Amino acid sequence: MTAAPDGLPPLAALETARLDWRRDDTGEEAPRSADFDDVYFSRHDGRAETEHVFLDGNRLPERFAGWQERRPFVIGETGFGTGLNMLCAWACFDAHAAAGARLHLVSTEKFPLRREDLARALAIWPDLVSRAEALVAQWPEPVAGVHRLGLGPRVTLDLHFGDAAERLALLDGRVDAWFLDGFAPSKNPAMWQPELFDAMAARSRPGATFATFTCAGVVKRGLKAAGFAWRKVPGFGRKREMLAGEIDAPPEDRRRTATPWFTPLPARPMQHVAVIGAGIAGAGVAAALAERGLAVTLLDREGPGAGGSGNAQGALYVKLAAETNPQSRVYLAGLLHSRRWLSRLDPGQSLWSPCGVLQLALGEKEPARQARFLARHPLPSGVVEGVSAGQAAERAGVETGAPALDYPAAGWVRPDALCWRLAETPGVAFRQAEVTRLEATREGWHLLLGDGTTLDADQVVIATAALANRFAQTSALPLQPVRGQVSRLRLPRDTPGLGRVVCAGGYVPPALSGWLTFGATFSPNDADGEVHESDHDANLAEFARTLPAYVAALREAGADLTRSGLEGRAGVRAASPDKTPYAGPVPDAEAWREAYAGLARDATRIPDIPGRHHAGLWISTAHGSRGLASAPLCAELLASMICDEPLPLEQPLVDHLHPGRRLIRDLMQGKHESASARGVGNSS
Ligand code: SAM
């Protein structure tokens, strides 16, 4: 595959595995790859083989039993297949690890199984049933990229769909034990290449172990050249020998040579974290940290969902660029993540609905833009599909008058109720207070509160939307307030309903409890939170432009579609200059300006100086009007950074979200005067 212009593999559907359910030598059906002419596992003794080769080969029972670290134990694998190895590792972890221990599984897969095949293959193992169900329920669409699944309260699985060597080169995280699986080197020589072993070595923790079923020369040579020591140990069943070994001194991660400013900081104490701001971004981080066993104080000057996340109903949707770019990748990953995360958080769907979203091709340019998007992004129809005006009308339940992009995995959410639910996560203590100042101490952070009291925490996350750059440490981050007002209409009884969220310039979700919401306005540089009649007019006009036939039907049914018939709510959201959220560590802007001043003269001369950050200070903001798609993934990203876990996005996308990216860009463009001098600092 050729890389897209942003250096990442194409944003496209992957080929799924073609299975051939042949009877094996025991006379029973077992999954076999029709493409590689090799088995996924032996039905007769596949479990015992997995346990011998991968679990015992990495000494997992004893290592799990002795695992005392706060960070999770990380297993990396090179061919997920049916997931049998990983489910067995999870069962082994549950059998041996102490109560507070956590397990993080990272696995690559170039030809994902179809969901039906996965379920059928795993049904062979009755004692793995509940684990298999958790996997099958969250099984992602076959889209290249990272897909994070919460398998259980203490077990996370990151599926990196794509070629093993390519995906490991993009992985931001390090591994304690490797399962070197994949079809036999003779059947799948393309996988067992030096690049794979090098990428494994570079993503290993010191002392990381590996185990593999094969003893092929190409594997021994590749492992040795990459720095792994290997030895032959007894193989399973008829296989006399297999390989196991370790790497004591993994090579340095050289990917940071071109971007030393993004070098991560060493892990810090993380018993107690203060999260400032209880919207989706902050409440999401608080819940993600509490689920990892941390004590979290969630602070907000009002309450959960009081700001831009306080609407009764909002659309979970994205608008992807016609040409692939990092921002679109982040949003698509975010949409798919939100969908999985909501399914797990609220299986009964009281907080959300995956009803799907139609993005209508209205206006002069949008039809051509959508056509370009579809031509360049062969994504599965479960993710996005181009539909005719007739199909759109059928799916929406009303005449749309235009073709559309249909996102069946998207839908709507109750952001206000969601914030409350997240704030109630066990381990999160909500406190109503305004944080006025942050002071770094030797151990962590000292927070000064508006009521004159103080609070100490090991680490702090700032998630206060447009107010996030009000602190001395964040004042260099350019942020813009964006006012948004939604309008709500009480529907008369028996009015026709919508089957999908319908978007064009704004959005209209299906009615909730008899109220139809539509909006929202988008007024940059406006921090006014009052409801304006003129914004109702703007919302009505956009609604009538988007769904004229539906508006006519509502009028017919007696709905009062005038400003006096409407209620509304206005919120202030935040946007960055490039419209990508900020999610990551807070850079020490003064130190960056000094260290990287030379970039203004020559942007190609990169000094070998790691970026200084305000240690233990993090930010998640600038989610604009798509926070339902971006904030939950950013919450996982921050929780993973704080807890020293593998990250749920490819490294270039982690960099794309880095709060320091604008500082570097400005330095490279010679704009290194202070942010306040440019008037783009505080948003007041
Ligand atoms: N570990 C699996 C399990 O527990 O079921 C069995 C793995 S199966 C023998 C080999 C897997 O490697 C297949 O799913 C195949 O699609 C995958 N694979 C083959 N070549 C690959 C590559 N270059 N990158 C990633 N995965 C690959």
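Key figures for this structure:
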read-out	value
Region 263-383, accessible area per residue, ligands and nucleic acids excluded (1.4 Å, Å²)	34 Å²
Approximate shape of region 19-247 as ellipsoid semi-axes (Cα gyration tensor, √5λ), whole Å, largest first	23, 22, 18
DSSP bridge pairs, region 180-325: antiparallel proportion in percent, nearest 5	70 percent
Compactness relative to 2.2 N^0.38 Å, alpha carbon Rg of region 283-412	1.25
Per-peptide average of other Cβ atoms within 10 Å, ordering 40-46, 329-335 highest first	329-335, 40-46
Lysine-lysine proximity count for region 19-247, Cα under 19 Å, sequence distance 8 or more or distinct chains	6
Per-q log10 I(q)/I(0), region 527-617, q = 0.16, 0.25 Å⁻¹ (Debye; single scatterer per alpha-carbon; no solvent)	-0.81, -1.23
Region 102-231: antiparallel DSSP beta bridges as a percent of all, rounded to 5	40 percent
Ordering of 519-525, 106-112 by burial proxy (mean other Cβ atoms within 10 Å per residue, highest first)	106-112, 519-525
Charge dipole (region 19-247, unit charges on Cβ, about Cα centre) - positive-most of 126, 67, 27	67
Other-chain or far-sequence residues with amide H under 5 Å of residue 437's (modelled H)	448
³J(HN,Hα) computed for each position of region 184-200 - Karplus, 6.51 cos²θ - 1.76 cosθ + 1.60, integer Hz, glycine/proline x	3, x, 5, 8, 9, x, 5, 7, 8, 10, x, 4, 5, 5, 5, 5, 4
Whole-Å distance, taken between Cα centres, linking region 296-353 and region 179-233	39 Å
Measure of compaction for the chain (Cα Rg per 2.2 N^0.38 Å)	0.99
Full-extension gain in nm, residue 567 to residue 472, via 0.36 nm per residue minus C-alpha separation	30.4 nm
Accessible carbon and sulfur surface of region 429-510 relative to its total accessible area, %, 1.4 Å	45 percent
Part-to-part distance (alpha-carbon centres) for region 451-488 and region 6-38, which is given in Å	48 Å
Förster radius 41 Å - calculated FRET efficiency between residue 376 and residue 541, Cβ distance, rounded to 0.05	0.80
Percentage relative contact order, the chain, counting C-alpha pairs under 8 Å, at least six apart	14 percent
Label-point gap, in nm, between residue 205 and residue 62 - each point 7 angstrom along Cα→Cβ	1.7 nm
Sulfur and carbon atoms: percent of accessible area, region 19-247 [1.4 Å]	50 percent
Spin-label pair residue 448/residue 255, simplified geometry with 7 Å Cα→Cβ offset, distance in nm	4.0 nm
Whole-percent carbon and sulfur share, accessible surface of region 293-425, 1.4 Å	49 percent
Segment residue 432-residue 528, extension gain: residue separation times 0.36 nm, minus the distance between their alpha carbons	32.4 nm
For peptides 74-84, 309-319, 527-537, sequence by mean Cβ density within 10 Å, most packed first	74-84, 309-319, 527-537
Net lengthening on full extension, residue 6/residue 578 (0.36 nm per residue, minus Cα-Cα)	204.3 nm
Förster radius 30 Å - calculated FRET efficiency between residue 549 and residue 365 (Cβ-Cβ, nearest 0.05)	0.85
For region 425-571: accessible area per residue (Å², 1.4 Å)	44 Å²
The chain: antiparallel DSSP beta bridges as a percent of all, rounded to 5	65 percent
Karplus-derived HN-Hα couplings along region 23-39 (A = 6.51, B = -1.76, C = 1.60, θ = phi - 60°), whole Hz, x at Gly and Pro	6, 8, 5, 8, x, 10, 6, 9, x, 9, 7, 6, 7, 9, 6, 8, 8
Rounded accessible area per residue of region 19-247, 1.4 Å, Å²	38 Å²
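The values are calculated or read from the model by the stated rules, or taken from the named source; none is laboratory data. Every value quoted in this text rests on a predicted model; they were computed, and no experiment measured them. Note that we place each Cβ from the backbone using ideal geometry, even for glycine, and neighbour counts take in every protein chain shown. Heavy atoms of the whole protein, side chains included, go into the accessibility calculation; ligands, DNA and RNA do not. Shrake-Rupley method; radii C 1.70, N 1.55, O 1.52, S 1.80 Å.
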